[in-house]
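Read through the structure below, which is laid out as structure tokens, and then see the notes.
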Amino acid sequence: MTRTTYYTATTLDGFLADPDDSLAWLMRQDLDEHGPQNYAEFIARIGALVMGSTTYEWVLAHLAETGEPWYYPQPTWVMTSRELPVLAGADVRFAHGDVTEVHEHLRAAADGKDVWVVGGGDLAGQFADAGLLDEVIVSIAPVVLGAGRPLLPRRMDLRLAETARNGAFVTARYEVDGPLKEDRPTLGG
Ligand SMILES: NC(=O)c1ccc[n+]([C@@H]2O[C@H](COP(=O)([O-])OP(=O)(O)OC[C@H]3O[C@@H](n4cnc5c(N)ncnc54)[C@H](OP(=O)(O)O)[C@@H]3O)[C@@H](O)[C@H]2O)c1
């Protein structure tokens, strides 16, 4: 069955990126690419991706800087209200609005494999709000930033399923439980 997973790196204080979208603090960390929660094993289970436009524009800028080609063979949806460029050979589709309909397309394209919510945090929150987020997998870098792009700006309960260490990172996998228990309506008012 297709699972929808938010897989990302974060600072210890819960930021995906600097306020100016820099990931310099992340790129310099020690990481074992064969270690726990490694990217190669994760991407092998993924059939479709979705990301917000800030993340997409970061990827485009990074590829332009390094000269690498588009690196996701899977169909990729970008959530945006704007018109954005697409690199040659990239299977990129644009969508906006309610993520429920987009999720139907993602699941169909994934064809039994899993869906990766790449980020950012509010987009992962939109899937969680719709009850469509199953899992959160984070690699926690030994960095605090004090400000930046938030990991998951919602009130939610999660269940810790796995932990490990990979290089400088604490890795953790959580199953999504749902809205914070304190926020859920109680029977009988
Ligand atoms: N640490 C990591 O491993 C990691 C992972 C992922 C991302 N990142 C970084 O974290 C930062 C995330 O940026 P962010 O928080 O701004 O999030 P984002 O999700 O990448 O981009 C947010 C933008 O996406 C568009 N969008 C989102 N949902 C939409 C919807 N339902 N309909 C239409 N448009 C929608 C909106 O822009 P428009 O409508 O104006 O286009 C919105 O401002 C980026 O710098 C990224 O590179 C880091």
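Screening ALA108 against (1) over 22 Å from TYR72 (Cβ atoms); (2) more than 17 Å from the chain's Cα centre (by Cα) leaves a single unmet condition, (1).
Summed over segment 152-189, the residues that are without any contact (Cβ under 8 Å) to a residue 60 or more places away in the chain and of a type in the set (Phe, Trp, Tyr) give a count of 1.
Listed here are the residues, each with its yes/no results for (1) crowded, with 18+ Cβ neighbours inside 10 Å; (2) in a loop (DSSP other than H, G, I, E, B).
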residue: LEU145; (1), (2): yes, yes
residue: ALA161; (1), (2): no, no
residue: ARG165; (1), (2): no, no
residue: VAL170; (1), (2): no, no
residue: ARG173; (1), (2): yes, no
residue: GLU182; (1), (2): no, no
residue: PRO185; (1), (2): no, yes
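Candidates are the residues of segment 24-56 that are surrounded by 15 or more Cβ atoms within 10 Å (Cβ to Cβ) and aliphatic (A, V, I, L, M); the one that is farthest from ALA95 (Cα to Cα) is LEU31.
Just one of the listed residues (ALA128, ALA17, ALA110) is away from the ligand (no atom under 14 Å from the Cβ), of a type in the set (A, V, I, L, M, F, W, C) and crowded, with 16+ Cβ neighbours inside 10 Å, and it is ALA110.
Considering VAL144, VAL92, VAL117, which residue is over 14 Å from the mean Cα position of the chain (by Cα), at pLDDT 95 or above and within 27 Å of TRP70 (Cα to Cα)?
VAL92
Just one of (1) over 16 Å from the mean Cα position of the chain (by Cα); (2) within 7 Å of the ligand (Cβ to nearest atom) fails for VAL99. It is (1). Scanning segment 73-92 for residues that are assigned to a loop (DSSP other than H, G, I, E, B) and away from the ligand (no atom under 13 Å from the Cβ) yields PRO73, GLN74, PRO75, VAL86, LEU87, ALA88, GLY89, ALA90, ASP91. For beta carbons closer than 6 Å, sequence separation of 6+ or different chains, a first residue in segment 17-37 that is in contact (Cβ under 8 Å) with a residue 60 or more places away in the chain and a second that is within 12 Å of the ligand (Cβ to nearest atom) and in a loop (DSSP other than H, G, I, E, B), the qualifying pairs are ALA17/LEU23; ALA17/GLY148; ASP18/GLY148; PRO19/GLY148; TRP25/VAL143. Taken over segment 1-14, the residue count meeting the criterion of being outside any loop (DSSP other than H, G, I, E, B) and away from the ligand (no atom under 11 Å from the Cβ) is 2.
Would you check if PRO69 is in contact (Cβ under 8 Å) with a residue 24 or more places away in the chain and part of a loop (DSSP other than H, G, I, E, B)? So PRO69 fails the test.
Of the residues ARG184, ARG149, ARG155, the single one that is within 16 Å of the ligand (Cβ to nearest atom) and of a type outside the set (Gly, Ala, Ser) is ARG149. Among the residues of segment 93-106, those that are in a loop (DSSP other than H, G, I, E, B) and either surrounded by 12 or more Cβ atoms within 10 Å (Cβ to Cβ) or at positive phi (or both) comprise HIS96, GLY97.
The values are calculated or read from the model by the stated rules, or taken from the named source; none is laboratory data. Note that this is a predicted model, so its numbers are computed, not measured. Here the Cβ is made from the backbone with ideal geometry for all residues, glycine too, and neighbour counts use every protein chain on show.
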